[in-house]
Amino acid sequence: MLKGVVALVTGGASGLGRATVERVIREGGRAVICDLSTSQGAKVAEELGEKAIFAPTDVSSPADVENALGMCKDKFGRLDSVVNCAGIAVAVKTYNPKKQLAHSLEDFARVQTVNLCGSFNVIRLSVGLMGENVPNADGQRGVIVNTASVAAFDGQIGQAAYSASKGGIVGMTLPIARDLAPMGIRVCTIAPGLFLTPLLEGLPEKVQNYLASTVPFPKRLGNPDEYAQMVQAIITNPMMNGEVIRVDGAIRMQP
């Protein structure tokens, strides 16, 4: 149960983020949906009722994140958990010899800015509000859950930018957990495999079936709620800290 938990979820208007928002509310909590102003965030919040609010947020913008935190405090009075699901990807080789074209440095930097710097930006600003909570019997004041990817470990051709951003999230998990331990704030990261998010839903059924066949077991794409289930497990298990958990059906991506 997540009764009474207030969670701020980035990328909360779709995919893994939306599944997390829905689970938090279903299990008795409340949620701040942080997503771009062009997203379906307002519609999702309206559908979910008074236990959800939408805060238009570019995670790489300190002002946007501060505004979302202000809305969270004004509406719910506290913040217990942050779940970082916002992210983007590009699929470009480091160098294309046929076109004699190098990977755009701007595209590489943009992926790091959103995925890695955006996650850190949300963390660094959120912990101030989280730190105002009265600690529980363990001294805990809050929990942060980041989203990496199996691409952090098994990056594919064309995933240099994406894998670098997700590898950075993996790499900062333990030091941030150590930084925030004196405040009673835990930090974990989930590395999902192939999940049926809007990105994959847009692929032809034949491609979806092929991707599902590459998962050892269960031989299917992950359900976003299974990601959200792991978020709940991390929030409710006080010994989960400083860890990266693969949720991937034992897949190990091959080049």
Problem set entry | In order through the range 132-149: 3J(HN,Hα) via Karplus (6.51 cos²θ - 1.76 cosθ + 1.60), integer Hz, x for Gly, Pro | 7, 5, 6, x, 7, 4, 7, x, 7, 10, x, 9, 10, 10, 9, 10, 9, 5
Seminar exercise, completed: Once SER37 and GLN140 are pulled to full extension, the length gained, defined as 0.36 nm per residue separation minus their Cα-Cα distance, is 33.8 nm
Exercise. For the chain, modelled as a GNM with alpha-carbon contacts under 10 angstrom, which of GLY29, GLY131, GLY202 fluctuates the most?
Worked result: GLY202
Exercise. Which residue, SER81, SER39, SER149, has the most motion in a Gaussian network model of the chain that connects Cα atoms within less than 10 Å?
Worked result: SER39
Seminar exercise, completed: Note to self: C-alpha centroids of the range 114-164 and the range 177-255 sit apart, in Å, by 14
Exercise. In terms of the Cα gyration tensor, with a ≥ b ≥ c the square roots of its eigenvalues, is the range 5-83 rounded because a/c is under 1.5, prolate because a/b exceeds b/c, or oblate?
Worked result: oblate
Seminar exercise, completed: Only helices counted: for the chain, with every DSSP H run of 4 or more residues adding -39500 (n - 2.57) and the sum spread over all residues, [θ] at 222 nm is -12500 deg cm²/dmol
For this session: Apply the Debye scattering formula to the range 39-92, with a single equal point scatterer on each alpha-carbon and no solvent, then give log10 I(q)/I(0) at q = 0.14, 0.15 Å⁻¹.
Result: -0.44, -0.50
Problem set entry | Fraction of beta bridges assigned by DSSP in the chain that are antiparallel (%, nearest 5) | 5
Exercise. Do you know the Lys pair count in the chain for C-alpha distances under 19 Å, with sequence separation 8 or more or different chains?
Worked result: 9
Problem set entry | Dimensionless Rg ratio for the range 195-255, taking C-alpha atoms and the 2.2 N^0.38 Å reference | 1.30
Problem set entry | Rounded FRET efficiency, nearest 0.05, which uses the C-beta distance separating GLN229 from ALA63 and R0 of 30 Å | 0.35
Seminar exercise, completed: Highest GNM mean-square fluctuation among ILE33, ILE144, ILE176, for the chain with Cα springs under 10 Å, belongs to ILE176
Problem set entry | As computed over the chain, the Cα convex hull volume per residue (Å³) | 128
Seminar exercise, completed: The answer for VAL187, listing residues at least 5 apart or on another chain whose modeled amide H is closer than 5 Å to its amide H, is ILE144, GLY242
Seminar exercise, completed: Looks like the range 1-146, by Cα gyration tensor root eigenvalues a ≥ b ≥ c and the a/c under 1.5 rounded cutoff (else prolate when a/b is bigger than b/c, oblate otherwise), is prolate
For this session: May I ask you to give the average projected area over all directions of the convex hull of the Cα atoms of the range 119-245, in nm² rounded to one decimal?
Result: 8.7
For this session: For the range 155-255, run through the trypsin sites (Lys or Arg not before Pro) and keep only the ones in DSSP coil with at most 15 other Cβ atoms within 10 Å of their Cβ.
Result: LYS219, ARG220, ARG252
For this session: Give the residue from GLN140, THR173, VAL82 lying farthest towards the positive end of the charge dipole for the chain; charges sit on Cβ (+1 for Lys and Arg, -1 for Asp and Glu) and the dipole is referred to the Cα centre.
Result: THR173
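The numbers here are math on the coordinates, done by the rules we state, and not lab data. Note that this is a predicted model, so its numbers are computed, not measured. Every residue, glycine as well, gets a Cβ built from its backbone with ideal geometry; the counts of neighbours run over all protein chains shown.
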